């Protein structure tokens, strides 16, 4: 990954100010569908899914809701959650920071698509421990990471935003330390617009 220029402490403000533009630009083509289906196949029918960094709910939370899952969406940007609530007022949308969240409940699966990689490497290690604590035995985890260890700058709307990743081996080790086993990994998957995707299962 390229050298860092964006400040990780700015990420929340970027999403607050860019929420409407982000939502307008976010692809609804569901290029994520193959991974979503693989993840969903590991879950019980109608299971509980935590969408961590849910944003506006498009298209990830919408997909799980349409498939009959019970979705809890957590995001730290109120402007993003306002859009989600306007679309699904009956939904379970909660303001929270994935670096510090403690919901006091467990889920059959956690997805962190286009959210987890905004954390610093140390924050990612802490978040994996928190995610593990929120998963039931046998539950699955799906998230996007980077293709290798390092820091980089992406964009949200028209503002720069921080990205970081551990190496695949570091992720595998961190997952094992938290009672999770890596079950799938593909760097820069051409079928998902070059996202690097990781799946794991709680042992």
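All of the numbers you see were taken from the coordinates with simple rules; none came from a lab. As the structure is a computational prediction, the values presented were derived from the model and not from experiment. Don't worry about glycine lacking a Cβ; one is built from the backbone with ideal geometry, like all the others, and counts go over all protein chains shown.
Summary of values
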read-out	value
Share, in percent, of DSSP beta bridges within the chain that are antiparallel, nearest 5	55
Packing-based ranking, highest mean first, of 176-182, 77-83, 54-60, 25-31 given that Cβ atoms within 10 Å are counted	54-60, 77-83, 176-182, 25-31
Reciprocal mean inverse distance between Cα atoms of the stretch 161-203 - Kirkwood radius, Å	11.2
Label point distance in nm, residue 28-residue 133, each placed 7 Å from Cα along Cα→Cβ	3.8
5 Å binning of all Cα-Cα separations within the stretch 20-123, expressed as whole percents from 0 upward	2, 12, 24, 25, 22, 11, 3, 0
18 Å cut-off, amide nitrogen to a point 7 angstrom out along residue 120 Cα→Cβ, residues in the stretch 160-194	161-167
Relative contact order of the chain, defined on C-alpha pairs under 8 angstrom at six or more residues apart (%)	24
Stretch gain in nm, segment residue 5-residue 181, where the contour uses 0.36 nm per residue and the Cα spacing is subtracted	60.1 nm
Kirkwood-based shape ratio for the chain, expressed as Rg/Rh from alpha carbons	0.92
Mean Cβ count within 10 Å, highest first, over the residues of peptides 37-46, 66-75, 134-143	134-143, 66-75, 37-46
